[in-house]
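Have a look at the structure below, then the notes.
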């Protein structure tokens, strides 16, 4: 009894001491010590409940913020608290695999995973040849732990228990819901239909409205699938309301690229729903390309006549998507794309180094491409394209590796949803993940956000879901043949 009282008093004493020290540091505008209880909880999770830590990651991914927001003046930056959690989980995963000799061997023959290994391997090679090795090392490590945790570890958990798929999706959606609510409250205060307010409404969780829109485009198909699958009426209604809320949030994000990406995803869903043959799709795309090249002069002339700039009016905002004459955002994208292509032409095989575009593109800007938002020193950010950015930074092999990942996951997803062995609920989730991936595959032509945990979590996570569901079907077929 006496020992118990001493322990209680020690806990109280240390708690009061922590509160006092932390209060003083907060007064001095230092927030680092405030993270200590959270780091302690993460450490406990890593060693005693790694599965719960993974789901905490899914929840916190949309809510993470740049560390410099908490501690201004740092010479480095990362997404807090998720990236430290990712590192802890990956280290534990590697140690466990080495100690127990455990590895999902079926992945070694899966084209999606093999493409990932090729992609990461080439990034590692180009890190060695990089103009800025330290920048490229950080870029490679970020990609490595994103794929290691959100694909490989996620796949292991999803294969172990298929209920973990729904848990992962639900936790991510819940975290994104909090961001969407806070963003809309901020927009309501300063102008709900003001597109300039929308640009920073999702801060500090998202860099800007475009990445926020990309996350919403990922979440909407999944929220709808969960609503369709829900057996509880109340839960089903809540999910339908949530789906509608996310659509409204996406519209009010004023992210034109996200709008287009969701339309592209809806188009794929339409093709799946009506079972339109792949051959018909190829023929249609071929005819569209033929029409474009036949009338390209007329099309470009009409595009150049469009002078509608982005605004709070939805109609004008949509019209501004094809304004390549006066819309500064569209023209700056063209400037960045041309710079990326010029960088690629100079170093087509190894590139300038992963993650180096933003530090190297300035000299490749053409004077006639520069806009009112261009900078002579190239401090404006990335290439605004996953594909062109990758080409300029790591050369053609890296782009091939990335495209192969996309092609193989689309093939795997399409095969999965037409497989008669797949249950209705699993098929709905697979379709939602496939549509979600298509939104970002399209979005990737206009922006690049895979260096952010909030996008990487679902991009690689959705792939893990498709491959895990595919594995479940294979295992079912094997067990059925053994029983026969």
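The values are calculated or read from the model by the stated rules, or taken from the named source; none is laboratory data. Bear in mind the structure is a predicted one, so any value in this text is a computation, not a measurement. Virtual Cβ from ideal backbone geometry, glycine too; neighbours counted across all protein chains shown.
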(request) Scan 145, 79 and give me the residue that is surrounded by 13 or more Cβ atoms within 10 Å (Cβ to Cβ) and in contact with a strand residue (DSSP E or B) (Cβ under 8 Å, 6 or more places away or on another chain). (result) 79
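Taking the condition farther than 19 Å from residue 225 by Cβ, modelled with pLDDT of 90 or more and touching a helix residue (DSSP H, G or I) at 6+ places or on another chain (Cβ under 9 Å), does residue 450 pass? Don't jump to the end; show me each part of the working.
Details: farther than 19 Å from residue 225 by Cβ: yes; modelled with pLDDT of 90 or more: yes; touching a helix residue (DSSP H, G or I) at 6+ places or on another chain (Cβ under 9 Å): yes.
Yes.
To keep it simple, each residue is scored yes or no on (1) at pLDDT 95 or above; (2) surrounded by fewer than 16 Cβ atoms within 10 Å (Cβ to Cβ); (3) not in a helix (DSSP H, G or I).
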{"residue": "358", "(1), (2), (3)": "no, no, no"}
{"residue": "368", "(1), (2), (3)": "no, yes, no"}
{"residue": "373", "(1), (2), (3)": "no, yes, yes"}
{"residue": "377", "(1), (2), (3)": "no, yes, yes"}
(message) For the structure I just gave you, tell me whether residue 136 is buried (at least 22 other Cβ atoms within 10 Å of the Cβ), more than 30 Å from residue 118 (Cβ to Cβ), modelled with pLDDT of 90 or more and under 21 Å from the mean Cα position of the chain (by Cα).
(response) no
(request) Kindly list, by first and then second residue, each pair from a residue in segment 259-272 that is free of Cβ contacts under 8 Å to residues at least 12 places away in the same chain to a residue that is surrounded by fewer than 19 Cβ atoms within 10 Å (Cβ to Cβ), limited to pairs with Cβ atoms under 7 Å and residues at least 6 apart or on different chains. (result) 271/281
(request) For segment 160-202, name all the residues that are under 26 Å from residue 224 (Cα atoms) and not in a helix (DSSP H, G or I). (result) 161, 162, 192, 193, 202
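Evaluate segment 109-131: report whether one residue or more is over 22 Å from residue 459 (Cβ atoms), outside any helix (DSSP H, G or I) and in contact with a helix residue (DSSP H, G or I) (Cβ under 6 Å, 6 or more places away or on another chain).
So the first thing to find is which residues in segment 109-131 are over 22 Å from residue 459 (Cβ atoms), and the list is 109, 125, 128-131.
Still in the list and also outside any helix (DSSP H, G or I): 129-131.
Then keep just the ones that are in contact with a helix residue (DSSP H, G or I) (Cβ under 6 Å, 6 or more places away or on another chain); that gives 130.
Checking segment 109-131: at least one residue is over 22 Å from residue 459 (Cβ atoms), outside any helix (DSSP H, G or I) and in contact with a helix residue (DSSP H, G or I) (Cβ under 6 Å, 6 or more places away or on another chain).
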(request) Just give me the residues in segment 81-106 being touching a helix residue (DSSP H, G or I) at 6+ places or on another chain (Cβ under 9 Å) and farther than 16 Å from residue 149 by Cα, in sequence order. (result) 106
(request) Search segment 223-247 for residues being in contact (Cβ under 8 Å) with a residue 60 or more places away in the chain and under 21 Å from residue 183 (Cα atoms), and hand back the single one that is nearest to the chain's Cα centre (by Cα). (result) 246
(request) Find the residue count for segment 160-188, including only residues that are more than 17 Å from residue 248 (Cα to Cα) and surrounded by fewer than 21 Cβ atoms within 10 Å (Cβ to Cβ). (result) 9
